[in-house]
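Nothing in this text is a laboratory measurement; each read-out follows from the coordinates by a stated rule. If you're wondering where the values come from, they're calculated on a predicted model, not measured in any experiment. Cβ sites come from the backbone with ideal geometry, for glycine too, and all protein chains shown count toward neighbours.
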Amino acid sequence: MSGVFAVYSTDKKINIAETIYYGLYALQHRGQQSAGIAVRDKEVIEWYKAKGLVPEIFTAENLDTLPGDAGIGHVRYSSAGNLSAGFIEPLVLKYISGYMAIAKNGRIINANQLRKELEEAGYMFHTQNDTEVMAALLTKYRISSEHIEDAVEHMLEHIKGAYAISMITPRYLIAFRDPLGIRPLCIGKIEDSTYIVASESAAIDAVGGEFVRDVLPGELVMIDSKGIQSRMLANNKKSSLCIFEYVYFARPDSIIDGAATHDARVNAGRILAKEFPVDADVIIGVPDGGVDMAMGYAQESNIPLALGLLRNKYVGRTFIAPQQNSREMAVKIKFNPIKTEVKGKRVILIDDSIVRGTTTKVLVKMFRDAGAKEVHLRVGSPPYKYPCYYGVDTSSRAQLLASLGNKERIRQEIGSDSLEYISFEGIKKAPSCSNLDFCTACFTGNYPTEIPKEEGDKQ
């Protein structure tokens, strides 16, 4: 996953780069490998980007070099495990109408095919980033289109996958979302002079903005001094928002497509308690998502909830660390049980998900070493069995612990006394948004879009 945050303002008192900085800081959980900011200043776009965390990359000095009236920022989680300089976004490009900057959350799954076709037509590429393929298509169709929105529409006819995009062009701040709404994107404002586009509503809150609405699946939004213009590029009766936004990715204080993430996780915990009760002395949630789920489990079961797992707040997410050995080391320095809360007790450990199993296996051993009499694992999402091709680095079933198939075998691998997952129907009921459908391909293998043959071969 990655995060995008964009600002357009007619208020000269608004510092665009600084506002984007704080917005990206609020989205740091979505990507911790690199960050970048690009700001439009009259007819040019200035940018600054590098590997690392937001506060490590940006200083007051380099933010002062980014004046302007519109800009976009990006925090990256590299879904390919590769982070060369060409992968760091926003990408800043020169095209027929001037300069353009573009940043994406998601993945274009037919990018290799499109790249080959464009190269055969004479196009040159500087990176392996699929965002550059989108930009090349856009510049191709901009030549024959009177308006930028027409070029965007032509481009979207050719790309497949999941994406939430922010762009700045010589005139507009542009945002659009894939036709199924797999990746989230929303709009906010500060008074009547400043508009914001962000991956999550919590980032709008962080800069003192007011949430306006979500960008609709298949919607193109263009913002300039006249305000917001909207154009539907695709109309689907069903959406397919990634269910993992509610399970794991989004901040608990975000509201996505009408449902509060915190409430969805508490509901999942309550459902989990009804489906799989267990006699125990204490409930402990694994930060972050597991804490909200543990709250719901405790409410339903009347078993005491304890803050029995200390999290080192200076360590990032282990699931989105690019290498396995990095994940294992990060778990050990990220978490530590509070021994007085677990020693001699039967513990229900609530985690939001098990993907590779690295974190869970280490945690169970930690609780046993801390003196827990029993450790019963309850998981707030169904078994994660199938790779995600929409921007999450799980491109092979061999990486996924649940691909072992047998729940008892998984329990033995993890080392817990018992193991139960919330049901598929249970997790779909957890978000309180009856008008939404979800992408649940990681649980079922039923993908909402066609998967290119090369990806199927990998699977």
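Excluding residue 214 itself, what net charge comes from residues whose Cβ is under 10 Å from its Cβ, given Lys and Arg +1 and Asp and Glu -1?
0
Can you tell me, using C-alpha contacts under 8 Å and at least 6 residues apart, the relative contact order of the chain as a whole percent?
Reported as a whole number, the value is 13 percent.
Starting from the exponent 0.38 and prefactor 2.2 Å, build the expected Rg for the stretch 245-458 from its residue count and divide its actual Cα Rg by it.
That ratio works out to 0.99.
Quick one: Karplus J couplings for the stretch 169-183, per residue in order, coefficients 6.51, -1.76, 1.60, θ = phi - 60°, nearest Hz, x for Gly and Pro?
The phi angles translate into 10, x, 10, 10, 9, 10, 9, 8, 10, 4, x, 9, x, 5, 9 Hz.
Skipping prolines and chain starts, which residues have an amide H placed within reach, meaning under 5 Å, of the one on residue 162, given they are 5 or more residues away or on another chain?
For residue 162, whose amide H was placed from the backbone, the distant partners under 5 Å are 107, 109.
Might you report the magnitude of the Cβ-based charge dipole of the stretch 347-459 about its Cα centre, with Lys and Arg at +1 and Asp and Glu at -1, to the nearest 20 debye? Present the calculation step by step, with values, prior to reporting the outcome.
Details: 15 positive and 15 negative charges, 62 e Å.
Dipole magnitude for the stretch 347-459 comes out near 300 debye.
Mind giving me the nanometre distance, one decimal, between the label points for residue 97 and residue 399, set 7 Å out from Cα along Cα→Cβ?
With each label placed 7 Å out from Cα toward Cβ, I get 3.6 nm.
Need the full-extension length gain, residue 450 to residue 333, defined as separation in residues times 0.36 nm minus the C-alpha distance. One decimal, nm.
Computed gain between residue 450 and residue 333 is 38.1 nm.
Kindly express, to the nearest 10 degrees and within the range 0 to 90, the angle between helix 289-301's C-alpha long axis and the longest C-alpha principal axis of the chain.
40 degrees
Is there a quick way to get the dipole size of the stretch 328-412? I mean about its Cα centre, with the Cβ of Lys and Arg at +1 and of Asp and Glu at -1; what is the value in debye to the nearest 20?
Its charge dipole is roughly 320 debye.
Lys/Arg Cβ at +1, Asp/Glu Cβ at -1, dipole of the chain taken about the Cα centre: which of 388, 172, 100 is farthest positive-ward?
Toward the positive end, the furthest listed residue is 388.
Can you compute the modelled spin-label distance between residue 146 and residue 230, with each label point 7 Å from Cα toward Cβ, in nm?
2.5 nm
State the extension gain, in nm to one decimal, for the chain segment bounded by residue 408 and residue 11, taking 0.36 nm per residue of separation less the distance between their alpha-carbons.
136.9 nm
Per 10 Å bin, what percent of the C-alpha pairs of the chain does each bin hold, from zero upward?
With 10 Å bins starting at 0, P(r) equals 4, 21, 31, 24, 14, 5, 1, 0.
Are any of the pairs 13/313; 332/407; 274/345; 42/189; 49/238; 373/428 more than 27 Å apart by Cα-Cα distance, and if so, which?
Listed pairs above 27 Å: 13/313; 49/238; 373/428.
Between residue 238 and residue 61, what is the FRET efficiency for a Förster distance of 51 Å, r being their Cβ-Cβ separation, to the nearest 0.05?
Numbers: r = 48 Å, r/R0 = 0.95.
The value I calculate is 0.60.
Per the helix-only calculation at 222 nm, which mean residue ellipticity applies to the chain, given -39500 (n - 2.57) for every DSSP H run of n ≥ 4 and division by its residues, nearest 500 deg cm²/dmol?
Mean residue ellipticity, 222 nm, calculated: -8500 deg cm²/dmol.
How large is the dipole of the stretch 245-458 about the Cα centre if only Lys and Arg carry +1 and Asp and Glu carry -1, each at its Cβ, rounded to the nearest 20 debye? Working shown, then result.
Working: 29 positive and 27 negative charges, 163 e Å.
Charge dipole, the stretch 245-458, about its Cα centre: 780 debye, nearest 20.
From Cα pairs below 8 angstrom and at least 6 apart in sequence, can you work out the relative contact order of the stretch 350-430, rounded to a whole percent?
Relative contact order of the stretch 350-430: 37 percent.
Counting pairs of alpha carbon atoms under 8 Å apart in space and at least six apart in sequence, what relative contact order in percent does the stretch 245-458 give?
It comes to 22 percent, rounded to a whole number.
Hey, can you grab everything whose amide H is under 5 Å from the amide H of residue 354? Only 5+ residues off in sequence or another chain; H modelled, so Pro and N-termini drop out.
384
Sequence neighbours fewer than 8 away in the same chain don't count; with that in mind, list the lysines whose C-alpha is under 18 Å from residue 116.
140, 160, 453
Count the net charge of all other residues whose Cβ sits under 10 Å from the Cβ of residue 102, scoring Lys and Arg as +1 and Asp and Glu as -1.
After counting each charged neighbour, the total is -1.
Measure nothing fancy, just the Cα-based angle from helix 111-120's long axis to the longest principal axis of the chain, in degrees from 0 to 90, nearest 10.
Approximately 30 degrees, to the nearest ten.
Compare the Cα positions of 282, 111, 295 along the charge dipole of the chain (+1 at Cβ of Lys, Arg; -1 at Cβ of Asp, Glu; about the Cα centre) and return the one farthest towards the positive end.
Farthest towards the positive end: 282.
Please give, to one decimal in nm, the separation of the simple spin-label points placed at residue 85 and residue 212, each 7 Å out from Cα toward the Cβ.
Each label point lies 7 Å from its Cα, and together they span 3.7 nm.
Note the full-extension length gain between residue 119 and residue 44 as 0.36 nm times their separation in residues minus their Cα-Cα distance, in nm to one decimal.
On the way: separation 75, 0.36 × 75 = 27.00 nm, distance 2.73 nm.
Going from the current span to full extension adds 24.3 nm.
What's the longest uninterrupted piece of the chain once you rule out the GluC sites (Glu not before Pro) that are loop residues per DSSP with at most 15 other Cβ within 10 Å?
Numbers: sites that count: 43, 146, 157, 191, 450.
Counting only loop sites that pass the neighbour cut-off, the longest clear stretch is 192-449.
Could you work out how far helix 324-334 tilts from the main Cα principal axis of the chain, as a 0 to 90 degree angle to the nearest 10?
70 degrees
With point charges of +1 on the Cβ of Lys and Arg and -1 on the Cβ of Asp and Glu, referenced to the Cα centre of the chain, which listed residue (35, 403, 45) lies farthest in the positive direction of the dipole?
403
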